[in-house]
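Novice: Got a structure for you, written out below as structure tokens; questions coming shortly.
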Amino acid sequence: MLKGTLDIKGDLRPKSVAGTVRYVGANCAYTTIQSAITASSAGDTILVAPGTYTEAITYSVDNLTIKAIGSYVDTIITQAAATTVDFSTMSNCVLEGFTVSVTAADGDADYTLYGNNDGTTSDTANIIKSCKLVHTSTADISQNICAEILDGYWEFRDCKIVVSNTNASGGQCFFMESYSGTPDGIKVYNCDFDIDNSETGSALGDFCFQIKTGTLDIWNSKIDIQSANTSTSENAAILNYSTGTINIYNSSVRVVSSGSASTYGIAWLGAAASICNSYNNSINSDNSDGDEKWINIGATATFNSYGDTVISGVSSGAGTINLYNTPKAGDVGYQCVSSGTTGGSGSAASGKNYVNVVINGTTRKLFYDTAA
Amino acid sequence: MDHGIVKASGNVTLKSIAGTVRYVGPSCTYTTIQSALTACVAGDTVLVMPGTYTEAITFAVDNVTLKAVGDYTNTIITQASAQVVSFSTMSGCVVEGFTVSVTAADGTTDYVIYSNNDDATAYNYVKNCKVTFASSVALYPLVGIYINDGNMELRDCIVTGTMTYAGTTSSGGFCILNKVTPSILDIWDCNITMNNSTTDGDVYSVGIYNAYASASTLNLWNTYISINVAGKTNHEAKAVFTYGPTYIYNSYLEAIDSDTGKPRCVYLGNEVLAGGIYNTTIKATSTDNDAECVYAGTGILGIYGGQLLGDGVYNPGTGVTAYGLLLKTSINAGYGVVSPATTGGSGTAGSGNQYFPMTVNGITYKILHDGTV
């Protein structure tokens, strides 16, 4: 009789954990994207042939990748007035290479994208890449929301976003909105946001992002908001009305109202202790009656601006603003040219140390007492 | 009569040069990536079904493209403690759409990606990949992407190193090492981070190490690098550590030491004989105020625009010239709005004069004025 312990050596883990690839197209096993999703398990991939897919789709497993074989030019998922792509509570999912559109939203919940990602770590992000995201409305609705993002981690890379309302009575426009949610982290790389709202009378503004928790990082992107509003609405690239943190790098922000609505440039930070760090961005805030702001800082919020260029607008709000190397509008900047000591006895400034500094184009001899 | 119709003679057949596409997956012709790579001839493409592939792979011919059918979220090539992807001496090869990971490195040759490209001009490419390496033992240097020779392009990649050894043996490494000469390393739109919790000194934790050879060129566009360490004394955290021509555009670089180590966010060796840093934020902080945003020797390079942040100082050496580089000063100080005061003491040269502090080229002067500011 054999007794003793079984001694297992070596790597007994399975060598590969496989996912399945499913094809969607007119002549494929699946003719709708949703039927392929329904058949999928976590780890699978769906490849979609070029075409226009007039369907609403809902991710139903984690870690599912849906890719266009072509690109957003020829591969379109569209709805007239319903949520088009719903990530539900899934995480680790990818959507790549599509135009996703809502072409005639007639309700507030007609989202181009919806997601409530229940992942809890940054490596569970849902990723939207190389997509064109469109939300268009001609109806009088309260909110035109392209992406309703309520929870978890998200990444947008190389996307083009077009949000448009052409109804003069229609409501607010957003790219991303999270008022009733708690997203953890949003990363945006190399995206182009274009938001155009013809609505003229509401007291509610247009925003590219609305967050209240978590961290929003934006790199190398362009945000352009054009509002026709003439009321007291407050428009800004980012609305942060709670404790969220914003980092925005090397981007261009333009918030314009053809009416008299207030424009707040890069961010409207509410009274809570939110933080916005802004690095090397150009910020243009402009409206028709000249009271534009480039930043609003709520009572306990902090705004740190590092090397931004403010094309138009002044700052507002009672919170903390730290301007590091950010000139005020109209300043050209300064440059140290040389330093020395004035000569000649008896002259007004004889024997004084100075630095030659070019301020707004004119060289000034600035005297100093001591190098502190 | 001939009206000028051109008549062709000879072989006018359209020629096409065909590559073979080879599929890898449990139900495919190839069940391992390596078996498909071994079967490839130059010009072929290998498409990999989603899944986790616990194998070490080596390219065997030039001009092979290895692509995930899915994305890096569901297509993973991994090893616990061995080199994972080797381009070997091949060139013109592409790795796209994978997570490539070393999960528990225990040796300094456990590279996630290795390239020894022997072509003088052709590149290898890593695109849209998540490259991760982790170690809990003392190693130096642990390297994520090791480029021993030849040109390399990294685009849209996330590179993450995590070193959790907390003992007293020196432990550190490089996310990306570009070695030997001559070669070009192009990096576009990447997110590169290292966290090293070792508390020892005398080693480096580095984002990109462009090493040794003065002919190795580093080009960096739109990239975020964050190095966080807990090192002491001489542990140097460096976002960019370079000895060759170096061009950096529109990037954000930070080196942070939560203890008494010495962050040097951008370290320019004497051999940096050309280059420029454009519109880039460079941040360095440490707890004992010895951080340097920029450290340079005698190398030659211009810094154009951009800014220095944190508590790091600017140490330009003798060859670095800054044009419009801004220090972490409030512009309001520069323009005399905050902290105006009056020099004290009677009898001193400037006694009784009003001044505002202004930092020019790293030195804060008391700029005197004669009235309101």
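The values are calculated or read from the model by the stated rules, or taken from the named source; none is laboratory data. Computed from a prediction, not measured in an experiment: that's the story for all the values here. We place every Cβ from the backbone using ideal geometry, glycine too, and count neighbours over all the protein chains shown.
Novice: Which residue is modelled with the lowest pLDDT, if the candidates are limited to the range B:289-329 and must be of a type in the set (S, T, N, Q) and part of a loop (DSSP other than H, G, I, E, B)?
Specialist: Applying the filter and picking the extreme gives B:329.
Novice: Do the conditions hold for residue B:104, that is, is it within 14 Å of chain A (Cβ to nearest Cβ), in contact (Cβ under 8 Å) with a residue 24 or more places away in the chain, assigned to a loop (DSSP other than H, G, I, E, B) and farther than 29 Å from residue A:219 by Cβ?
Specialist: Answer is yes for this residue.
Yes/no per residue for (1) in contact with a Ser or Thr (Cβ under 7 Å, 6 or more places away or on another chain); (2) on the phi > 0 side of the Ramachandran plot; (3) within 13 Å of chain B (Cβ to nearest Cβ):
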| residue | (1), (2), (3) |
| --- | --- |
| A:45 | yes, no, yes |
| A:50 | yes, no, no |
| A:56 | yes, no, no |
| A:59 | yes, no, yes |
| A:63 | yes, yes, yes |
| A:68 | yes, no, yes |
| A:72 | yes, no, no |
| A:78 | yes, no, no |
| A:83 | no, no, no |
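Novice: I've got another one for you. Condition first: in a loop (DSSP other than H, G, I, E, B), more than 23 Å from residue A:47 (Cβ to Cβ) and aliphatic (A, V, I, L, M). Now tell me which residues in the range A:87-118 satisfy that.
Specialist: Listed by number, the residues that qualify are A:104, A:105, A:109.
Novice: Okay, next question. If you check residue A:234 against the conditions, is it over 30 Å from residue B:189 (Cα atoms) and assigned by TED's automatic domain parsing to the domain that holds residue A:133?
Specialist: On the way: over 30 Å from residue B:189 (Cα atoms): yes; assigned by TED's automatic domain parsing to the domain that holds residue A:133: yes.
Here the answer is yes, as residue A:234 does meet what is asked.
Novice: Taking residue B:22 as meeting all but one of (1) part of a loop (DSSP other than H, G, I, E, B); (2) surrounded by fewer than 23 Cβ atoms within 10 Å (Cβ to Cβ); (3) not polar (S, T, N, Q), write down the number of the exception.
Specialist: Unmet for residue B:22, out of (1) part of a loop (DSSP other than H, G, I, E, B); (2) surrounded by fewer than 23 Cβ atoms within 10 Å (Cβ to Cβ); (3) not polar (S, T, N, Q): (1).
Novice: Got a sec? Which strands (runs of 3 or more DSSP E) wholly within the range A:119-178 have at least 3 residues that are out of contact with any Phe, Trp or Tyr (no Cβ under 8 Å at 6 or more places or on another chain), within 14 Å of another protein chain (Cβ to nearest Cβ) and at pLDDT below 95?
Specialist: Ranges flagged: none.
Novice: Further, regarding this structure: Taking the range B:205-261 only, how many residues are basic (Lys, Arg) and surrounded by 24 or more Cβ atoms within 10 Å (Cβ to Cβ)?
Specialist: First, the residues of the range B:205-261 that are basic (Lys, Arg): B:232, B:238.
Then keep just the ones that are surrounded by 24 or more Cβ atoms within 10 Å (Cβ to Cβ); that gives B:238.
Residues flagged as basic (Lys, Arg) and surrounded by 24 or more Cβ atoms within 10 Å (Cβ to Cβ) within the range B:205-261 amount to 1.
Novice: Follow-up. When you go through A:144, A:167 one by one, which is the residue that is free of Cβ contacts under 8 Å to residues at least 60 places away in the same chain, among the polar types (S, T, N, Q) and either buried (at least 21 other Cβ atoms within 10 Å of the Cβ) or under 17 Å from residue A:234 (Cβ atoms) (or both)?
Specialist: It is A:144.
Novice: Can I ask one more? Name the residues in the range A:265-280 that are in a strand (DSSP E or B) and either aliphatic (A, V, I, L, M) or out of contact with any strand residue (DSSP E or B) (no Cβ under 7 Å at 6 or more places or on another chain) (or both), would you?
Specialist: Looking only at the range A:265-280, we keep the residues that are in a strand (DSSP E or B), and these are A:267-269, A:275-279.
Passing the criteria: A:267, A:269, A:275.
Novice: Now for a different question. Any idea which of A:224, A:289 is surrounded by fewer than 21 Cβ atoms within 10 Å (Cβ to Cβ), under 18 Å from the mean Cα position of the chain (by Cα) and closer than 19 Å to residue A:198 by Cβ?
Specialist: After ruling out the rest, the residue left standing is A:224.
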